[in-house]
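Engineer: So that we are looking at the same thing, I have put the structure below in structure tokens.
The values are calculated or read from the model by the stated rules, or taken from the named source; none is laboratory data. Quick caveat, the model's predicted, so the values are computed rather than measured. Cβ coordinates were reconstructed from backbone atoms using ideal geometry, including for glycine residues, and neighbour counts include every protein chain displayed. For accessibility, only protein heavy atoms count, side chains too; no ligands or nucleic acids. Shrake-Rupley method; radii C 1.70, N 1.55, O 1.52, S 1.80 Å.
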Amino acid sequence: MKDNNTFREIGEKLLEADSVLVYPHVNMDGDALGSAVAVCRTLRNLGKTCWILIEDDIPRNLQFLDRGYCTCDQNVVSAPDVSLCLDCGDVSRFLKRKDKFREGKVNICIDHHRTTVPFCQYNYVDPDAAATGQLVYYLLQEMGTEIDGEIADAIFAAITTDTGNFQYSNTTKECHEITAELYEKGVDVRRVSQQVYESVRLERVMLHGKALSQLEIFAGGQAAMTVVTQRMLRETGAGMDETEGIVDKLRAIDGVEIAILVKEDVDKIKLSLRAKSRANVAVIAEHLGGGGHTKAAGGTMKMTLEEALPLIRQEVENALL
């Protein structure tokens, strides 16, 4: 199996299919859901049966994207012609749905994570793409399908969230060119931006305040780390999905090169890492059992918060000192 197929090859498989199930990764972000919605609406517009199969709740600030596309019902399609995973490079990113994914007569992966190893019959993986939404846009262009306002909104949501509203170092000329083209398709940039960035619950603000109060600076001022515990969630009434943005606040601190957010789950901890300029947090994440991009990575560690923090601290110091 060659590393990458072409958008034409992948597009032909989607156009030939009568039924498609789309798989975003667990703990979906704007890129995963936006990309999935863009594909799902496109295929439904063509008269095909298409659903986005999920296994967890949609983050509150992204729920506006779902207009009846998402389902947790694995029996919604008995044996799909195509299983398509977006923004996830292996089945570990959708473990509860992996058996259903394999029921697809054809399986396809479109992703932009550098640690991705092609695992499907058809793959398009481009680590240089800022967002999977960027790749989906190119795919839809190759397919020759109409991009309406709703699809344009979904693609814009994908790109703006994975580029930090066009502030991260992964932002490229292509990101801006695609966005400019989306204006011609009817994208409502103000509406999407307001939903994504300006629909914050008070509980979320309170949670961020508690997390920032636990801030730890180390590695000579080059690293900033904080935690979100189950107790904090109970005290504020916030959900774990409302931790979005905390790690970016840490990275914004003058002199900080690496920011780390550690989230306590019931029997594990989840890790988010961000780099400002020179550091490669993908390597740190890989050492801790995760992966991701050079400037944005993460992972899951099957241990307690107390056990995980010294290991994380040591890996970050090794990378910086």
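Engineer: Among the residues of region 224-253, what is the count of those that are touching a residue at least 60 places away in the same chain (Cβ under 8 Å), open to solvent by 50 Å² or more (accessible area, probe 1.4 Å) and part of a helix (DSSP H, G or I)?
Structural biologist: Residues that pass the stated criteria total 1.
Engineer: When region 4-35 is examined, which residues are found to be over 22 Å from the mean Cα position of the chain (by Cα) and among the acidic types (Asp, Glu)?
Structural biologist: Correct list: 9, 12, 16, 18.
Engineer: If you don't mind, another one. Given the structure, is residue 32 of a type outside the set (Phe, Trp, Tyr) and farther than 30 Å from residue 299 by Cα?
Structural biologist: No, not satisfied.
Engineer: Something else now. Name the residues in region 127-142 that are closer than 17 Å to residue 29 by Cβ and touching a Gly at 6+ places or on another chain (Cβ under 9 Å), would you?
Structural biologist: Within region 127-142, 131, 132, 133, 136 meet the criteria.
Engineer: Considering region 294-321 alone, what residues qualify as being more than 18 Å from residue 27 (Cβ to Cβ) and of a type outside the set (A, V, I, L, M, F, W, C)?
Structural biologist: If the condition is that a residue be more than 18 Å from residue 27 (Cβ to Cβ) and of a type outside the set (A, V, I, L, M, F, W, C), then 294, 295, 304, 306, 307, 310, 313, 314, 315, 317, 318 are the ones that fit.
Engineer: Can you tell me which residue in region 35-58 is farthest from residue 14 (Cα to Cα), limited to those that are open to solvent by 20 Å² or more (accessible area, probe 1.4 Å) and either among the aromatic types (Phe, Trp, Tyr) or in contact with a Ser or Thr (Cβ under 6 Å, 6 or more places away or on another chain) (or both)?
Structural biologist: This residue is 51.
Engineer: Can you say whether residue 144 is on the phi > 0 side of the Ramachandran plot and over 16 Å from the mean Cα position of the chain (by Cα), as far as the supplied structure shows?
Structural biologist: Yes: the conditions hold for residue 144.
Engineer: Here's something else I'd like to know. List, please: which pairs have Cβ atoms under 8 Å, are six or more places apart or on different chains, and start with a residue in region 195-209 that is within 13 Å of residue 232 (Cβ to Cβ) and touching a residue at least 12 places away in the same chain (Cβ under 8 Å) and end with one that is of a type in the set (A, V, I, L, M, F, W, C) and part of a helix (DSSP H, G or I)?
Structural biologist: 207/232; 207/233; 208/246
Engineer: Out of (1) at pLDDT 95 or above; (2) touching a helix residue (DSSP H, G or I) at 6+ places or on another chain (Cβ under 7 Å); (3) open to solvent by 30 Å² or more (accessible area, probe 1.4 Å); (4) not charged (D, E, K, R), the odd one out for residue 61 is which?
Structural biologist: Failed condition: (1).
Engineer: Please indicate, with yes or no, whether at least one residue in region 179-196 is under 11 Å from residue 156 (Cα atoms) and aromatic (Phe, Trp, Tyr).
Structural biologist: yes
Engineer: Determine which member of the set 288, 305 is within 19 Å of residue 88 (Cα to Cα) and open to solvent by 10 Å² or more (accessible area, probe 1.4 Å).
Structural biologist: Sole residue among the options that is within 19 Å of residue 88 (Cα to Cα) and open to solvent by 10 Å² or more (accessible area, probe 1.4 Å): 288.
Engineer: Additional query: Go through (1) part of a strand (DSSP E or B); (2) within 14 Å of residue 224 (Cβ to Cβ); (3) not aliphatic (A, V, I, L, M) and name the single condition residue 299 misses.
Structural biologist: (2)
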